[in-house]
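The values are calculated or read from the model by the stated rules, or taken from the named source; none is laboratory data. Please read all numbers here as calculations on a predicted model, not as lab measurements. FYI the Cβ positions are ideal-geometry reconstructions off the backbone, even for glycines, and counts take in every protein chain you see.
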Amino acid sequence: MVDWDALYATLCNKPQMYQQWLVKQRSGFCGTQSMVARWNLARDGKYPNCGEAETAAYLKICPSEGRVGLLMEMTEDLKNGYTTTMPTQN
């Protein structure tokens, strides 16, 4: 069951791109190999770094050295106040 009023209250002031990112991550309909393999039969749905099924949930816990390194790099950028300017969409 979804509390639509609470969801709206939470997301109504967030940028549209954040809303889209959140929906894609939560639903699993993002550009992961598992999703791409549904419409491109040449893909096996596996994460190239470790061979496990690449889902949105798995990308958060993958122990692959490359994935962990990327997480650490991005975390450091955030700690150091690194920001990227993204165009706003309303």
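Of everything in segment 48-78 that is small (Gly, Ala, Ser) and within 16 Å of residue 25 (Cα to Cα), the residue that is modelled with the highest pLDDT is 53. When residues in segment 16-60 are screened for being assigned to a loop (DSSP other than H, G, I, E, B) and either surrounded by 16 or more Cβ atoms within 10 Å (Cβ to Cβ) or more than 12 Å from the chain's Cα centre (by Cα) (or both), 16 of them pass.
In this structure, residue 7 does not qualify as over 20 Å from residue 58 (Cα atoms) and in contact with a helix residue (DSSP H, G or I) (Cβ under 6 Å, 6 or more places away or on another chain).
Number of residues in segment 45-62 that are aliphatic (A, V, I, L, M) and in contact with a helix residue (DSSP H, G or I) (Cβ under 8 Å, 6 or more places away or on another chain) equals 3. Which of the residues spanning segment 1-54 are of a type in the set (Asp, Glu) and in contact with a strand residue (DSSP E or B) (Cβ under 8 Å, 6 or more places away or on another chain)? The answer is 52, 54.
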